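Written below as C-alpha cells is the structure these notes are about.
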Amino acid sequence: MKALQPENDHPLETEIERAQVPVLGYLVRLTGNLADARDLLQATNLTAWEKRDSFETGSNAVVWMRTIARNHYRNASRRWQRRKTVPLLDTDLEQMIEARHEEREQEDARKRRLLAVCLEKLPNRQRDAIENYYLSSRTLEEIGDASGRNPNAIAQLLHRARQNLIDCVKKESHQNRDHEIL
Amino acid sequence: MNDLESIDRWLCLLDQRPLTDTERAEFQDLLKRSPEAMDRYLDHCEMNTWLAAGSGGDAIQLEGNHHPTAGEPVSRAGKQKLIPIAIGTVAAVIAISVIGERILTKQDSDPEISDSTTDATTNSPMEPKNSLVDLAVVDQPREKDPWKVINATGSVKHPGLKDKPIPVVASDRPVKFNRDIRPILSETCFHCHGPDEHGRRADLRLDSLEGATADLGGTVAIVPGDLTKSEAWWRIISDDEDELMPPPESHLVLTEPQKQLIKRWIEEGAEYEGHWAFEAPVRPQVPSSGAIKNEIDGFIRARAAEEGLTMSAEANPRTLIRRLSFDLTGLPPTHDEVFAFLNAYENDSEAAWQNAIDRLLNSPHFGERMAVPWLDQARYADTNGYSIDGGRHMWLWRDWVIQAYNENKPFDEFAIEQIAGDLLPNATPAQITATGFNRNHMITHEGGTIPEENLTNYAADRVKTTSEVFLGLTMACAQCHDHKYDPISIREYYEFFSFFNELSDKGNDGNRGVNAVPNIMAESVLPDTELPSLRSELAAAETALHESEDGIEEWLAEVQNNEQQLGSGFEIIELETLDLTAPNRPGVFEILDDGSAFVSEPVLRGGMNAFSHAFKLPAGTPVNGIRIRFFPHPEDNRLSAYEANAPIISTVVASAGDQEAKQVEHYNQLQFAHSSASSQFETMDAKHVLDERNLHLWRPAVDDKKPHLTLTFDQPVNPEETPFLTVLVFFGQNGATPYHWRIDGFLGTDTDSQFTQEEQSVLLRDATSWSPEERDIVRDLFRNEAESLEPLRIRIANLRERIEVLTKAHSTMVMDTAPKPRDTFVLDRGQYDAPLDKVSPSTPATLPSLESKEKATRLDLAKWMTSTENPLTARVAVNRIWQVFFGTGLVATTADFGSQGEWPSHPELLDWLAVEFMESGWDQKSLIRKIVSSSTYRQDSASNPEQREKDPNNRLLARGPRFRLAAEFVRDQALAKSGLLVPRIGGPSVQPYQPAGLWKEVSHFGSTPATKQVFVQDRGEKLYRRSLYTIVKRTSPHPAMAAFDAPNREMCITERGVTNTPLQALVTLNDPQFAEAARVFAARLLKDSPTLDDEQRISLAFEKITGRAPDSSEANALASFLSDERSRFQNDTVGANALIRVGESPADDSQPAVEQAVWTQISSLLFNLSETLTRL
C-alpha cells in the first residue's frame, strides 16, 4: 500500500500542501499585509503538523487549517500590539470580508490566469520590486536600503505595482470575456 | 481624500507597521462603509496572495521525522524538506518562469535591485544627478493636457489660473513670491502640503518658510539658494512616477514655465511673503507717465509699458456714449441722446463726457444697472428653491438695493445695513429690510427633510455668501475641514457661522407663498414721485371703463345668441377609460366597470389631490368638450368623505394625441373656450378652473347633489386624428377630493350658462323690456366680461397694483436675533448632527481682531468688515466695481482673494483705489466716476495683432474693454429701442412671455399649496418691464435669461460666464419678446419717416439701433435683404399679418402689413447684429 502513496509520507501532507494558497489568502485578508501572513502561515503549518493526528481524514483541511490560522492570528495580534487589544479586523468586518471574498472567488480564478500577461506589462522598476519582495522575500527595509529610499516609498511602489496588476487583470479579463461572447 | 485613496494609504501603511487603535477604528469604519474600499482591499489581498504563491518564495518546512516544536525558531534558509506551495494554474507557472527569467538576466548584470538612474530600459541618459537639473526643465517628461481643469479641491470652480492669464513679465524681473510662486504652490501643492493639518502628507507644509525648510529626517524640501539640496525640486523634476510631485494620480501638472519660476525662486533665495490680501492696503505712489486723465491711467500705462504695449486712442464719441450708457444704466442711449452728445463732444469733449457721466449717474436706471451684479451675488430670487420651489416675496429688499445705489449710499453703510441693519440703534424698517440680503438663500419646507440640517445649510449659505461677497474669502471650504489653502480653521469657520446661526428662522418653513419667518411688513423705499400720475391715470382708466359702451351691441348680440343656443344638439359621448393615476396619496381608488373613478378609501387627512385620466375617444364625430359628473357614495349618499361634502376643483388641464398618454402633455395642451357648472357655491365660480393657479376654485352649491362641471374646447377634438385624450383634474385644497366621478365628452353646445340665473333671465329677454336696474346689470356684465375691454381692465389692475406697491406695507424676509439663540458647535466634517466643541461668534485670527466688549454680534461683525483696518473689504468692493466696467477684475477671481486667488494684474492700482475708496467715505458713485473718467476706460476697444499676441485677454488694458451685453441688457435694449419699455422701477417681479409648460415640467403642479408652480403670463405693461424684474424661479430660469448666461440664483455668483451659443440667436430672432420689439420698432420707423426712401430708412434704422451709420457694404447687404423680404411678403400677406401681430401690443394697422413685415425683418436683423449685442 505504501507504494501507492506518492511522494508524501503522511496523507495530511498533501492536504496541507493544497491548503497553502487558500490559507495564505485568508491570512492576508486578516492582516492586510503579506509579511505577517507569511509568518502566520509558517506557524499554522507547524501547528497543523503537530496536531496532524487530530485531523479527521475526509474532513476539509482548509477549514481545519483556517481555524488554526485564526488562533495564531489572534495570539499574534496581541503580541504585536504589546498590549491587550483587538486585532485589525473585528468579527463583523471579518465576516463581511469573507462573504465578499466568496462572492468574488469564481471570477478570481480566471483573473489569476491572466497575471502572467500583466506582469510582463509592468514598468521595470515595479516588476523588480515585485520580484524582490515576493520572489526573493526581501523586506521593505532591505529593498529600500539597496535603492536608497525609505520603506514607505517602497511600500508605495509595491502598492502601485499591485494596483497596476489588478487593473490590468481586470481589463484583460473583460477583453477575454468579450472574445468569449463573440 | 476619497475612499479609494484612503484604503490605498492604509494598505501601504499595513505593509510597514501595525495600526494604532485610532487608525484601526478608522480603517474598519472605512471597510464597513465603503464597498468600493472593500473591493480594493480584497484586490490587494488577493494579488498579494497570488504573487506570494506564484513566487514559491514561501515554503512549508517539513522534514522526515524531525518536526520543529513551537518554540523552535523556523529558518527559511534551513535545509528542511521543502514542500513548494501548491500552484493552481498553468498561468501561474508561466508567471514564475517569467519572473525567474528576468531575475536571471538581471542578476547577471546587476545583482542589486534596480534604481531609476541605472535602469537600462529608460531613455534618460545615465548621468550624475546634477546635470539632470537643466535637462529635466527642458524635457517634457509627461505629456498632459495643458488645459487641465481639475482643481485640487474639485469643489469651488474658480477660473483656472490660465483662463485669463496676465502676460508674463520680462524674464529678468526678480521673482516675487506672492505674484509668481504662491499661485503655483497653492494650485499644485497646498492641497496636501498646506494649512490643513489633517490632510497634510509627509508632515510637510509648503505655505510657510518654516515648514518648507524644516528638516524631515535628513531631507529638506526647500533649501533657499541651493537647488540641488532642495528635495522639493528633485521631486518636481523626477521622471519616476513614484517620486514625482505633484503625484500623477492628482492630475495636477506643473508646466515648464512654472517649473522655471520655482527654480529661479529657490535659486534667488526662496523668499516667502505674507499673503498680500491679508495685509492692509497702503496708498502707493502714482506712476507718472505722460498725459493722463487721472491716477488710474498712471498705473495702467506704467504696467503696459513694462510689456512694451502702448495705450490705444480714445474711442469715437458714438461708441463712447453707447458704452457709458450701457455701463451706467444698462440701457442704450436714445437717438437724441447720441446726437446731443455728439454736438457737445465736438465743442468740448471733456465737458461733454463729464456731463454725460453726471446725467447717467443721476438716472434712476443707474440703481437698476448696479443692482444686477449685486442680485447675482446676493442670490436674489422669487422662489424658495429646492424641490418644491414655491414663491417668496423679497422684492422689497431688491428695491432697497436699487434705491441704495441711486442714493449713493456709502458702501460701508450699504454693507452694515445688509449684514446687521436690524441691530442698528432705532433701526428703521428700511434698515431691517436690508438684512434680507442673508435671507435670500434657498429655503425648503419639504416634508421629510430634517429641520436642523436645513438650518445648518441656511447658515452655511450665509457664511459662504457673506465671506465671498464682502471679504473675497472662500470660507465655505472650511465647513468640513481646515481650509486647504487659506489660514482658516474649521473652528474659525464655525465661529463665523455662529453670527448667522442666531436668528429665529425655522427649519421647515415658507409654504403657500408665505414668507418664511422671520419676516416683517414694510413699505417700499422707492420714491413715490409717480403716485400723482398713477392716480390720475387710474382714475381716467376707471372712468373710461365705467362709461364704456363701445361695442356693447355686438357683445350683447353674441351673448344672447349663445344663451339661446345652450344645449342645442348636446349629447354625452362616453369615453373608454384606459388609466387613472394620482401623483399624491389620495387613498384607495379604482376604475369601476362603467369607466368611472371611485375613491373607495379616501385618506382621512389631506384630500388635496390631482387625478390624471387617460381616455380613448370613440370613432365618429369630433367632441366639443368634456363634462365631469359627480355621484354620491352608494352607502352614505355623500359626495365626499370630507367636511365640504362636495368636489372642489382648482383647475382642469387636458391634451389629446395619437398615442395613449398617462400624463397631460404640457407643451401641447388643449385650450378651453369656457367653462360652466350645474351650480356654484357662493363666489366659487366655474370660470376659476380655467386659471391654472391654485388661487380660486369651483365648488357646487350645497344642495346640488348631482353636480357637474363642463369645459368646452376652443377647437373640437377629432377622434380620427387624436383619439387619445388625457385629462388632469385638480382637487386643489384639503378635503376637496370626491368619492365618485366620471368624465365624458359631449357633442353640441353646453347646456349650462356662464351667467347666474338672474343675469341669464335678463339676457334672454329683449332689451326693450329691461328695467333701469336690469340695464345696469347688462352694462356691468359687458364691462367686466367683454373681450374688447380686456386691455383696459388689465391696465386698471396693473395701475392699482402699482399704487399698492408704493403705498402699502408688504412682507419681506429679514434677519433677527432669536430670544434664545441657537448654540453653535464645530460640526465634525460639517455634519449637522455631529457637534464637537461649542464656539462663540468671532472672526478668523489671520485678519485684524474683532472689537467687542461682550459677546460679538452681527453688528460688530459688520463694523469689523467695514473698518479701514480690514485689508479685504475695500479691495474686494473696488475690484467688483472694476469688473463691472472692464469685464474682468484687477483680481480675476473676484470671490477669492485667498491663496487660490489670482495675483492682481495691477496690485498697486488695486491698493490705490481701495485706499481712495475708503478715504472718500466709501463713495461708490465717486469711484465709478473716477473709473469712467479715465482715459483707460475711454480707449478704443479694437485690438491690433500685437495686442492680441501679447495680451489676448486684455488684462493690461492697452485697449478698451469690450464684452457681450448681460442677458438683462440684451432684452432691455430691444424693449428700449422699440419704445415698448415701461421704465417703472421696482415692485414685484413680473412674468413676461415664456413657454407655458416650463414650470409645470419641474414643479409640483397641482399637488402642493405652494405658489409659483404654474406659469401664468402677465399682461399689459408688465410684459415690458426691465429684465431685472423678470421673475427668477430657481428651478426654471427664464430661457432668454439663461441663454445669455444669467445665473439661476441658487447660490452666490460673483462672475457670470460669457458664452456665445446658437441658442442666443434663436432667442433674439424668435422669442416673442424680441419679435414683438422688432415689429413695433418697424411700425414706428415707418410712421416716423414717411418721406424717406429705402436707402435712407435703412440708414436711419441702423443708426437708431447701433448708434452709427452703416457703411456702404452694410447698407447694400441690407438693401438686398430688404428687396428679398419684400418680394417674399408680397406673396404672403397672411404671413405678413401674422408677423406684425406677434406679442400683445396692438398692431398698427395704419401702415401696410407687407411693409411692416418687411421692415420687421430688417429690424430683427439689426437687433441680432453682433455689434448690437456687444458693448464696444
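Coordinate-derived values only; no laboratory data. The structure presented is a predicted model; accordingly, all values stated were derived computationally and were not measured. All Cβ positions, glycine included, derive from the backbone under ideal geometry; neighbour counts span all protein chains shown.
Miscellaneous remarks
- Descending Cα extents along the principal axes, chain B, whole Å: 127, 96, 70
- Cα extents for region B:604-722 along the principal axes, largest to smallest and rounded to whole angstrom: 42, 30, 26.
- For B:Ala673, the residues whose amide H sits under 5 Å from its own are B:Thr712, B:Phe713, B:Asp714, ignoring neighbours fewer than 5 places away on the same chain, with H placed 1.01 Å from N.
- Kirkwood-based Rg to Rh ratio, the protein assembly as shown, C-alpha trace: 1.05
- Region B:286-382: C-alpha gyration tensor shape, a/c 1.5 cut-off, then a/b vs b/c: oblate
- The Cα-based radius of gyration of region B:851-893, divided by its Kirkwood radius, gives an Rg/Rh of 1.18.
- Relative contact order (%) - criterion: Cα under 8 Å, at least six apart; region: region B:1053-1176: 38 percent
- Using the empirical formula 2.2 N^0.38 Å as the baseline, the Cα radius of gyration of region B:701-828 reaches a ratio of 1.83.
- Look at the Cα gyration tensor of region B:505-647: its axes a ≥ b ≥ c give a/c of at least 1.5 with a/b at or below b/c, and that counts as oblate.
- Among the listed pairs B:Lys820/B:Lys855; B:Lys176/B:Lys263; B:Lys977/B:Lys1033; A:Lys111/A:Lys171, those whose Cα-Cα separation exceeds 20 Å are B:Lys977/B:Lys1033.
- For B:Val623, nonlocal amide neighbours, meaning residues 5 or more places apart or on other chains whose placed amide H falls under 5 Å from its own, are B:Val717.
- Simple Cβ-charge dipole of the protein assembly as shown, Lys/Arg +1 and Asp/Glu -1, about Cα centre, in debye nearest 20: 2460 debye
- Computed helical MRE - 222 nm, the protein assembly as shown, DSSP H runs ≥ 4 contributing -39500 (n - 2.57), nearest 500: -13500 deg cm²/dmol
- Shape descriptor for region B:1085-1173: Rg over Rh equals 0.95 (Cα atoms; Rh from the Kirkwood inverse mean 1/r).
- Inter-chain shielding of A:39-46 (mean C-beta neighbours from other protein chains, 10 Å cut-off): 4
- Summary value for region B:221-336: 16 percent relative contact order, contacts being C-alpha pairs under 8 angstrom separated by 6+ residues.
- When the alpha-carbon atoms of region B:497-553 are used, the pair Rg, Dmax equals 22.2, 70 angstrom.
- Region B:851-1010: C-alpha gyration tensor shape, a/c 1.5 cut-off, then a/b vs b/c: oblate
- Neighbour counting of Cβ atoms within 10 Å sorts the residues B:Lys808, B:Lys293, fewest neighbours leading, into B:Lys808, B:Lys293.
- In this structure, the pairs whose alpha-carbon distance is over 25 Å, taken from B:Lys662/B:Lys1022; B:Lys259/B:Lys464; B:Lys464/B:Lys484; B:Lys484/B:Lys863, are B:Lys662/B:Lys1022; B:Lys259/B:Lys464; B:Lys484/B:Lys863.
- Peptide A:91-104 has a mean shielding of 3, counted as Cβ atoms of other protein chains within 10 Å of each residue's Cβ.
- Globularity ratio of region B:1008-1120, using Cα Rg and 2.2 N^0.38 Å: 1.41
- Globularity index of region B:184-310, i.e. its alpha-carbon radius of gyration over 2.2 N^0.38 Å: 1.37
- In order along region B:1161-1171, the phi-based Karplus estimate (6.51 cos²θ - 1.76 cosθ + 1.60, θ = phi - 60°) of 3J(HN,Hα) comes to 5, 4, 5, 4, 4, 5, 5, 9, 4, 4, 4 Hz; Gly and Pro are listed as x.
- Ranked by how many other beta carbons lie within 10 Å on average, peptides B:1040-1053, B:818-831 from highest: B:1040-1053, B:818-831
- Look at the alpha carbon pairs under 8 Å that are at least 6 residues apart: their mean separation over the length of chain B gives a relative contact order of 14 percent.
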